[in-house]
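The values are calculated or read from the model by the stated rules, or taken from the named source; none is laboratory data. Being a predicted model, the structure only gives us computed values, none of them experimental. Positions of Cβ are generated from backbone atoms using ideal geometry, with glycine treated the same way; all protein chains shown enter the neighbour counts. To get the accessible areas, we keep the full protein, side chains included, count just its heavy atoms, and leave off ligands, DNA and RNA. Shrake-Rupley method; radii C 1.70, N 1.55, O 1.52, S 1.80 Å.
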Amino acid sequence: MCSINIDEEDLVRERALLKNRISVEQGKAESRLHQEQIKALFPKSPYANPLNPDNINSLNYLNSRDLRNFYYTWCRPDLQCVIVVGDIDASKVETQIKSIFSTIPKPIKSSKRTYYTPEKFDGIKSVILKDREYNKTTVEIAMLKQPLKEEYRKTNLPYIQDYMDDAIFFLLQNRIRDGIVEQGLPIFDIKIEKGKYLGIEKSDSYSITFQTLPQGVYSSVSFISNQIKSVIS
């Protein structure tokens, strides 16, 4: 957790494996659509320019020194966390942890991490994505929200927020499922989730994802939107 041992031979051996994994991943329609979605919502962030088959040769210029610099910049004590779960003597384990990890040297100069959030917009922003190999009609409705401020994260507010979120989700889920059956709507594989939007830090959201038929997009979106409004209001 405080040191890394890597040389050029290690990098040469892993480079071919990494290139292959990127090529395989980008060969999937879902991955390409996901990346296009990120580009539309985070256009000015590094997330919009990932490694792909078009720029994969840039890995040839990566050397072991670059990796070591990255490691010592970001794999440092103030960005690490130790979690112990089980039937333990808490005081004893805490003492052991402090004894072991206190030897990790603190960085002389810490780099500040930059977080990226979706570009601000008024009203509703829609993104239509297509891929020649994607043969489904999938709709995602995401409601972006401000993450809880840092000073509130160690209070009771996160628990209260989780309770309220679960209550809203349970109500919304039941209403949607009952409405689909009653109205015979072509809505399948529906998922209601909360958390980091597209897996990106500090971009919390509530999202509803479902599949439908091409001719049923308008009626399905209209139904889901009305259910969201009724629950939130």
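Kindly indicate whether any position in segment 148-158 is of a type in the set (Phe, Trp, Tyr), over 19 Å from Ser207 (Cα atoms) and surrounded by fewer than 10 Cβ atoms within 10 Å (Cβ to Cβ).
Scanning segment 148-158, I find no residue that is of a type in the set (Phe, Trp, Tyr), over 19 Å from Ser207 (Cα atoms) and surrounded by fewer than 10 Cβ atoms within 10 Å (Cβ to Cβ), so the answer is no.
May I ask you to list the residues in segment 176-193 that are over 19 Å from Ser203 (Cβ atoms) and under 27 Å from the mean Cα position of the chain (by Cα)?
Answer for segment 176-193, where residues must be over 19 Å from Ser203 (Cβ atoms) and under 27 Å from the mean Cα position of the chain (by Cα): Ile176, Arg177, Ile187, Phe188, Asp189, Ile190.
Please go through segment 114-130 and pick out each residue that is under 22 Å from the mean Cα position of the chain (by Cα) and open to solvent by 80 Å² or more (accessible area, probe 1.4 Å).
Answer for segment 114-130, where residues must be under 22 Å from the mean Cα position of the chain (by Cα) and open to solvent by 80 Å² or more (accessible area, probe 1.4 Å): Thr114, Tyr115, Thr117, Lys120, Phe121, Ile124, Lys125, Ser126, Ile128, Lys130.
What helices (runs of 4 or more DSSP H) completely inside segment 1-79 contain at least 3 residues that are more than 23 Å from the chain's Cα centre (by Cα) and closer than 28 Å to Lys112 by Cα?
Output list reads 64-74.
Tell me, which residue of segment 178-189 that is part of a strand (DSSP E or B) and open to solvent by 40 Å² or more (accessible area, probe 1.4 Å) is nearest to Gln146 (Cα to Cα)?
Asp189
Does segment 192-229 hold any residues that are assigned to a helix (DSSP H, G or I) and among the β-branched types (Val, Ile, Thr), and which are they?
First pass over segment 192-229, keeping only residues assigned to a helix (DSSP H, G or I): 197-199, 214-229.
Hits for segment 192-229 are Val217, Val221, Ile224, Ile228.
Given the options Ser99, Ser111, name the one that is open to solvent by less than 90 Å² (accessible area, probe 1.4 Å), farther than 30 Å from Ala40 by Cβ and small (Gly, Ala, Ser).
On the way: Ser111 fails: farther than 30 Å from Ala40 by Cβ.
Result of the check over Ser99, Ser111: Ser99.
Which residue, of Glu94, Glu133, is among the acidic types (Asp, Glu), surrounded by 10 or more Cβ atoms within 10 Å (Cβ to Cβ) and assigned to a loop (DSSP other than H, G, I, E, B)?
Glu133
Kindly indicate the residue of segment 199-233 that is closer than 21 Å to Gln35 by Cβ and of a type outside the set (D, E, K, R) and also surrounded by the most Cβ atoms within 10 Å (Cβ to Cβ) among those meeting that condition.
Ser203
Taking the condition open to solvent by 50 Å² or more (accessible area, probe 1.4 Å), touching a residue at least 12 places away in the same chain (Cβ under 8 Å) and within 30 Å of Ala142 (Cβ to Cβ), does Glu30 pass?
Details: open to solvent by 50 Å² or more (accessible area, probe 1.4 Å): yes; touching a residue at least 12 places away in the same chain (Cβ under 8 Å): yes; within 30 Å of Ala142 (Cβ to Cβ): yes.
Against the criterion (open to solvent by 50 Å² or more (accessible area, probe 1.4 Å), touching a residue at least 12 places away in the same chain (Cβ under 8 Å) and within 30 Å of Ala142 (Cβ to Cβ)), Glu30 qualifies.
Spot the failing condition for Arg21; the list is (1) closer than 30 Å to Lys109 by Cβ; (2) at pLDDT 85 or above; (3) not small (Gly, Ala, Ser), and only one is missed.
(1)
Of the residues Gln173, Gln161, only one is modelled with pLDDT under 85 and either under 20 Å from the mean Cα position of the chain (by Cα) or open to solvent by less than 90 Å² (accessible area, probe 1.4 Å) (or both); which?
Selected residue: Gln161, the only one of Gln173, Gln161 that is modelled with pLDDT under 85 and either under 20 Å from the mean Cα position of the chain (by Cα) or open to solvent by less than 90 Å² (accessible area, probe 1.4 Å) (or both).
Would segment 138-145 turn up any residue that is open to solvent by 50 Å² or more (accessible area, probe 1.4 Å) and more than 30 Å from Ser45 (Cα to Cα)?
No.
Check off (1) touching a helix residue (DSSP H, G or I) at 6+ places or on another chain (Cβ under 7 Å); (2) more than 19 Å from Lys202 (Cβ to Cβ) for Phe170 and give me the number that stays unchecked.
(1)
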